[in-house]
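Reviewing the structure listed below.
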Amino acid sequence: MSASAGCELQRVIFPPQGEFDAMELYVDAGSALGLHLVEDDSLYRNPKLPENKMHMVGSSPVEAHHEDFLSRTSMMVRPGQHVSFATYFNAFPASYWRRWTTVSSVQLKVMAEGTGSLIVFRSNARGVPQRLESIRVDGRQDIELELPLDMFGDGGWYWFEMVAGQSELHLLGASWHTRDSAVTAPGEVATIQITTMNKPDFCIANAKILAANPYALASVKEILIVDQGTNRVQEHPDFEEVRALLGDRLRVVEQDNLGGSGGFSRGMAEGVNNGSEFVLLLDDDVVVEPDSIERIISFARFSRKPTIVGGHMFDLYSRTTLHTFGEVVDPYRLAWVSPDTDVEYRHDFRQRNLRQTPWMHRRVDVDFNGWWMCLIPTAIIREIGLSLPVFIKWDDAEYSLRAKEAGFATVSLPGAALWHVSWIDKDDSLGWQAYFHERNRLIAALIHSPFPKGGRVLRESFQNNVKHLISMQYFAQEARIMALRDVLRGPDELHNELRLKLGEVNKLRAQHPEAQIRTDVDDFPAVGLTRGGRGGAAPGMPAKKDLAKWAAKTVLRQVFRRPDPQSLERPQAHLAHRENKWWTLSRYDSVLVSNAEGTGISWHRRNPDLLKNKMMEASQLQAQLFRQWESLSAEYRRALPDITSIETWRSTFSSPVKASPKEHN
């Protein structure tokens, strides 16, 4: 490798031994490449294809074999084989570095041995590949190429490919460097902070991954685990082994369960206190790609001004599936949405690689990044404070909105990611989290919405009331009513409620039969044939133009028509979770519903009196919120600096629970 000076930004890496089910994120050697080249180092294009549909052509599809990976950073290319590093973890996301950092050019450094060719590509924002240079390899060679970033204004990546000749071609190492100066000096500048609640196995496993990858810890001052559970990390049988491996870098702080916002705020405050430049927040139920840590820190060090830098989330149980490439907040709805209609939710790289996905070459700018993996500069923390004390939901999005208003951007950085237990098989809007969804979205709207009365937020809140009630989801609606009452009380009790509210919500849940989950369908009466049943195929969602009329008719029918008496004794149907839709549930008087995880069933029974009472109660509270919107908004905004301050949070970390809060007038 060339000895020229510079800072390494990103290594070319390969899967750890035994972890080959995500191979497509590291190496692209599938049929889309399919070139069988021996001594000819040229690439061919089909001139008849439109520009945005160009693909390399050839024959003899090839496959990557796990034995070809020689180490974490080296690989063998078999004779005649063509492999590409236009992959999630090994292509260089040039447009992001061009937009947000001081880096003006990068150097690709490759150390190769054998016979064949190395071909360098770039893409534009439309995803069109452009061949830049082909270099013949014969023997052992150190290759260095200077690559400017000035043409990546809207998008585009750099990558390289290797074609072996009649004998093997070895990639001994490759990386992307820059000679430009970072804004932040190198050294141990970051605290890694993991918030956990009764997941010590995950915490210990990730600590072992970090200990086994010293490269990932080059810039790390401290690894801090904030333990909020009863099954303590320090009581895990492997904890002493991990402590010995990580030494003084590892510290565990135990505190009451203050939710994600309380755990992450503790880590942010500790990062400020220990003199770190950055705090990297991590969820507990994840598996880290360790090089992502150094990549995120490097990006933050070179950012023109303090920038929140997030990593992407892949599905732990479908490792090539990306949750999302980026998210924004719709200001009118105050809802998390995709930044563009082209950006695909749950993209599977096993089905389409980077070169086959044109939208992924356009830079995706975001409003926030989930705190499953998110770096926050302590300069931002000092200026805008810590998280809102909201326990869970909206803490990450609200923080980035607040940072944005103060002039600090958030970037979701491609090539930096982890694997997270997916919530695709969960519906947390029906469980205890329904309270936090409603309350925290309303609080975020009161603080940040630029529209009168919060735009569409109250209208959607009312619509969700109707959906829950006609679906016989009375606990979820009761929790949302509790949320409305608490929003109206104002911000003064938010810190105190961190310790109280989860218990209150769970106590409420115990009062609602439809919220009780049983594991065996035989625990319920058998499905019977009753007059109230609705046979035939499940209907689709009502058309938008008919929705108001349909909803009014459905609510009136559910209020004034009594349930079939037999339905109180026997359910009329058993619905799979995918059928758990409000327009389907509203057809029944009594129905069994499987939960999202597939672990249990609940029995929903229609109660017209409860529907009428809860609809009236929620509507009255929403009318009150509508009338008081401006005054409440001013109250929450005035309180924001105090309730998010390090000083207030430090008191919360150690203070006992106060007396029950008073109603807000």
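Checking H448 against (1) crowded, with 20+ Cβ neighbours inside 10 Å; (2) out of contact with any Pro (no Cβ under 9 Å at 6 or more places or on another chain): exactly one of these is not met. Which one?
The number of the failed condition is (2).
Of all the helices (runs of 4 or more DSSP H) wholly in region 560-655, which have at least 1 residues that are among the polar types (S, T, N, Q) and over 31 Å from the mean Cα position of the chain (by Cα)? Can you show your working first?
Working: elements: 582-585, 608-627, 629-643, 646-654.
Ranges flagged: 608-627, 629-643.
It is to be established whether one or more residues within region 301-313 are assigned to a helix (DSSP H, G or I), out of contact with any strand residue (DSSP E or B) (no Cβ under 8 Å at 6 or more places or on another chain) and among the charged types (D, E, K, R).
Checking region 301-313: at least one residue is assigned to a helix (DSSP H, G or I), out of contact with any strand residue (DSSP E or B) (no Cβ under 8 Å at 6 or more places or on another chain) and among the charged types (D, E, K, R).
Could you tell me which of the residues S338, S318, S298 is hydroxyl-bearing (S, T, Y) and closer than 23 Å to D180 by Cα?
Details: S338 fails: closer than 23 Å to D180 by Cα; S318 fails: closer than 23 Å to D180 by Cα.
S298 is the lone residue from the list that is hydroxyl-bearing (S, T, Y) and closer than 23 Å to D180 by Cα.
Against the definition (at pLDDT 95 or above and in a helix (DSSP H, G or I)), how does R333 come out, yes or no?
Details: at pLDDT 95 or above: yes; in a helix (DSSP H, G or I): no.
Judged against the criteria, R333 is not a match.
For region 483-516, how many residues meet the condition of being over 24 Å from A445 (Cβ atoms), surrounded by 18 or more Cβ atoms within 10 Å (Cβ to Cβ) and out of contact with any Phe, Trp or Tyr (no Cβ under 9 Å at 6 or more places or on another chain)?
Qualifying residue count, region 483-516: 1.
Out of T195, T184, which single residue is modelled with pLDDT under 95 and either surrounded by 16 or more Cβ atoms within 10 Å (Cβ to Cβ) or basic (K, R) (or both)?
Details: T195 fails: modelled with pLDDT under 95.
Only one candidate passes the filter, namely T184.
Among the residues of region 331-370, what is the count of those that are under 28 Å from I447 (Cβ atoms) and charged (D, E, K, R)?
The total comes to 4.
Between a first residue in region 413-424 that is on the phi > 0 side of the Ramachandran plot and a second residue that is among the charged types (D, E, K, R), which pairs have beta carbons less than 8 Å apart while being 6 or more apart in sequence or on different chains?
G415/R295
In region 611-631, is there at least one residue being assigned by TED's automatic domain parsing to the domain that holds E478 and under 22 Å from E579 (Cα atoms)?
yes
Tell me whether region 312-322 contains one or more residues that are crowded, with 24+ Cβ neighbours inside 10 Å and out of contact with any His (no Cβ under 9 Å at 6 or more places or on another chain).
No.
Return yes when F160 is aromatic (F, W, Y) and free of Cβ contacts under 8 Å to residues at least 60 places away in the same chain and no when it is not. I'd like the intermediate steps shown before the answer.
On the way: aromatic (F, W, Y): yes; free of Cβ contacts under 8 Å to residues at least 60 places away in the same chain: no.
Answer is no for this residue.
Quick one: is E222 charged (D, E, K, R), without any contact (Cβ under 8 Å) to a residue 60 or more places away in the chain, buried (at least 20 other Cβ atoms within 10 Å of the Cβ) and farther than 21 Å from G116 by Cβ?
When the stated conditions are applied, E222 passes them.
Taking R346 and the conditions (1) of a type in the set (D, E, K, R); (2) buried (at least 16 other Cβ atoms within 10 Å of the Cβ); (3) at positive phi, which numbered condition does it fall short on, given that it satisfies the others?
For R346, the exception is condition (2).
Within region 425-438, is even one residue of a type in the set (A, V, I, L, M, F, W, C), out of contact with any helix residue (DSSP H, G or I) (no Cβ under 7 Å at 6 or more places or on another chain) and surrounded by fewer than 20 Cβ atoms within 10 Å (Cβ to Cβ)? Please lay out each step first, then the result.
Step one: list which residues in region 425-438 are of a type in the set (A, V, I, L, M, F, W, C), which gives 430, 432, 434, 436.
Subset that is out of contact with any helix residue (DSSP H, G or I) (no Cβ under 7 Å at 6 or more places or on another chain): 436.
Checking which are surrounded by fewer than 20 Cβ atoms within 10 Å (Cβ to Cβ) leaves us with none.
For region 425-438, residues of a type in the set (A, V, I, L, M, F, W, C), out of contact with any helix residue (DSSP H, G or I) (no Cβ under 7 Å at 6 or more places or on another chain) and surrounded by fewer than 20 Cβ atoms within 10 Å (Cβ to Cβ): absent.
Going residue by residue through region 139-156, is there one that turns out to be at pLDDT 95 or above, outside the structural domain of V286 (by TED's automatic domain parsing) and of a type in the set (K, R)?
Yes.
One residue is enough: does region 196-206 have a residue meeting the conditions small (G, A, S), within 27 Å of the chain's Cα centre (by Cα) and under 23 Å from T73 (Cβ atoms)? Spell out how you get there, then give the answer.
We begin by selecting, within region 196-206, every residue small (G, A, S); these are 205.
So of that shortlist, the ones also within 27 Å of the chain's Cα centre (by Cα) come out as 205.
Among the residues that remain, those that are also under 23 Å from T73 (Cβ atoms) are: 205.
Yes: one or more hits.
Can you confirm whether region 472-492 contains a residue that is basic (K, R), assigned to a loop (DSSP other than H, G, I, E, B), out of contact with any Gly (no Cβ under 7 Å at 6 or more places or on another chain) and over 16 Å from N580 (Cα atoms)?
Of all residues in region 472-492, those basic (K, R) come to 480, 485, 489.
Add one more test, that the residue is assigned to a loop (DSSP other than H, G, I, E, B), and what stays is none.
No.
Kindly evaluate R570 against the criterion of being outside the structural domain of L442 (by TED's automatic domain parsing) and over 20 Å from N465 (Cβ atoms).
Values: outside the structural domain of L442 (by TED's automatic domain parsing): no; over 20 Å from N465 (Cβ atoms): yes.
In short, no.
The values are calculated or read from the model by the stated rules, or taken from the named source; none is laboratory data. What you are looking at is a predicted structure, and each value in this text was computed from that prediction instead of being measured. Methodologically, a virtual Cβ is constructed for each residue, glycine included, from the backbone with ideal geometry; neighbour enumeration extends over all protein chains shown.
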